[in-house]
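Colleague: Before I ask anything, let me first share the structure, which is written out below as structure tokens.
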Amino acid sequence: AAALAGPASAQGYPERPITMIVPFAPGGPTDVIARLVAETMSRSLGQQVVIENVAGAGGTTGITRASQATPDGYTIMMGHMGTHGAAPALFKGLKYDPAKSFDPIGLAAGTPIVIVAKNNFDAPDLKTFLEAVKSGGAKINQAHAGVGSVSHSTGILFNSIVGAKPTLVVYRGTGPALNDMMAGQVDFMTDQIVNVAPQITGGTIKAYAIATPERSPALPNVPTTKEAGLPGYEVSAWNAVFAPKGLPKDVAAKLDAALAKALEDDNTKKRILELGGTVPTQAERGPAALQKLVESEVARWTPVLRAAVDGSQ
Ligand code: MLT
């Protein structure tokens, strides 16, 4: 009798291009990291990993769609600390569970948070910036990429620590928000360094501080929040590759290996570092470490963000 067909085995996987859903507009930090790793993954998988930007609702539109895709290895996604850490605390009726709806593939990059503002914001340093944002109230505009995104969650945390109540302006990603900031159309945001490092270095926007314990080698002149007078604000984000739950084991193994290779690629590592990102250590890589990170991030962010939202009522 013919051998019983097993689960869709992956002998020939991948036999056609793979879609990587990026849940924000092109040109933002998640898109930048996605395109970087997708390029190297394509080479090692022997099929194109094609980026599809599906923006909206703080990234949850794209991640929900990816979570409902067939788990055959032909749809993966670039999620992050917002979609897979902050969203459950902020997003009513979230249609996925970051810790249950996915097969984690692995962490792609750490992305420290920088407090950035339009060049002509009238404050020479962080202390005067904080005073201006606090006293400016709703006259000050703060950009973010939707409820639960990294810029939104780190932004409302900033507001609750500072006691500021700016007007929040939503974008389909912090790429478009950055364009408005360079045009002086929006006052400030807390964004991932890999999006804003080139503009800060180029002088088209300004950075008041970076929210990490040490300065970034990519932005040596930007003080830490501790140095600049806001020691309570230390926060970093991360971007990571996920697949919908239920991949055949050998398909998952091929995706895991392709991401691991991308993180060993000299050019990929160089680009992530140049943009101020951090390359995951060996211990931080792979599915098990990412699953643990997601569980700990949801547990960490939920009370913090609930308090931040309650505090701002
Ligand atoms: C983006 O890629 O636009 C950002 O990740 C959005 C955000 O989470 O702030």
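The values are calculated or read from the model by the stated rules, or taken from the named source; none is laboratory data. Only a predicted model underlies this, so the values are computations on that prediction, with no experimental measurement involved. Counting neighbours? That spans all protein chains shown, and the Cβs are built from the backbone with ideal geometry, glycine included.
Colleague: So, in the range 145-187, of the ones that are polar (S, T, N, Q) and more than 12 Å from the ligand (Cβ to nearest atom), which residue ends up farthest from Gly85 (Cα to Cα)? Give the steps one after another, and end with the answer.
Modeller: From the range 145-187, those polar (S, T, N, Q) are 149, 151, 153-154, 159-160, 167, 174, 179, 185; that's our starting set.
Filter once more, so that each one left must be more than 12 Å from the ligand (Cβ to nearest atom): 159-160, 167, 185.
On the way: Asn159: 19, Ser160: 19, Thr167: 24, Gln185: 30 Å.
For the range 145-187, the residue satisfying everything is Gln185.
Colleague: When the residues of the range 277-313 are filtered to those that are in contact with a Pro (Cβ under 9 Å, 6 or more places away or on another chain) and of a type in the set (Gly, Ala, Ser), which remaining residue is surrounded by the most Cβ atoms within 10 Å (Cβ to Cβ)?
Modeller: Gly277
Colleague: When only residues in the range 268-287 that are free of Cβ contacts under 8 Å to residues at least 24 places away in the same chain and in a helix (DSSP H, G or I) count, which is nearest to Ser44 (Cα to Cα)? Please lay out each step first, then the result.
Modeller: At the first step, the residues of the range 268-287 found to be free of Cβ contacts under 8 Å to residues at least 24 places away in the same chain are 269-270, 281-283.
From what's left, in a helix (DSSP H, G or I): 269-270, 282-283.
Numbers: Lys269: 16, Lys270: 18, Gln282: 19, Ala283: 22 Å.
Among those that are free of Cβ contacts under 8 Å to residues at least 24 places away in the same chain and in a helix (DSSP H, G or I), it is Lys269.
Colleague: Does the range 129-147 contain any residue that is within 30 Å of Asp265 (Cβ to Cβ), in contact (Cβ under 8 Å) with a residue 40 or more places away in the chain and aliphatic (A, V, I, L, M)?
Modeller: Within the range 129-147, the first condition is being within 30 Å of Asp265 (Cβ to Cβ), and the residues that meet it are 145.
Right, trim to in contact (Cβ under 8 Å) with a residue 40 or more places away in the chain and you get 145.
Among the residues that remain, those that are also aliphatic (A, V, I, L, M) are: 145.
Checked the range 129-147: at least one residue is within 30 Å of Asp265 (Cβ to Cβ), in contact (Cβ under 8 Å) with a residue 40 or more places away in the chain and aliphatic (A, V, I, L, M).
Colleague: Here are some conditions: (1) under 17 Å from the mean Cα position of the chain (by Cα); (2) part of a helix (DSSP H, G or I); (3) of a type in the set (D, E, K, R). Glu52 meets all but one. Which one does it not meet?
Modeller: (2)
Colleague: Taking the condition of being within 30 Å of Gly12 (Cα to Cα) and assigned to a strand (DSSP E or B), how many residues in the range 81-119 meet it?
Modeller: Of the residues in the range 81-119, 8 are within 30 Å of Gly12 (Cα to Cα) and assigned to a strand (DSSP E or B).
Condition check ((1) modelled with pLDDT of 95 or more; (2) away from the ligand (no atom under 16 Å from the Cβ); (3) polar (S, T, N, Q)) across all residues:
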site	(1), (2), (3)
Gly82	yes, no, no
Ala86	yes, no, no
Asp97	yes, yes, no
Asp103	yes, yes, no
Leu107	yes, no, no
Thr111	yes, no, yes
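Colleague: A further question on this structure: Within the range 229-267, can you find the residues that are aromatic (Phe, Trp, Tyr) and either surrounded by fewer than 16 Cβ atoms within 10 Å (Cβ to Cβ) or part of a loop (DSSP other than H, G, I, E, B) (or both)?
Modeller: Tyr233
Colleague: Of everything in the range 12-38, what is surrounded by fewer than 20 Cβ atoms within 10 Å (Cβ to Cβ) and either in contact with an Asp or Glu (Cβ under 8 Å, 6 or more places away or on another chain) or closer than 19 Å to Thr111 by Cα (or both)? Give them in sequence order.
Modeller: Of the residues in the range 12-38, the ones surrounded by fewer than 20 Cβ atoms within 10 Å (Cβ to Cβ) are 12, 15-17, 19, 26-27, 35.
Within the range 12-38, Thr19, Pro26, Gly27, Arg35 qualify.
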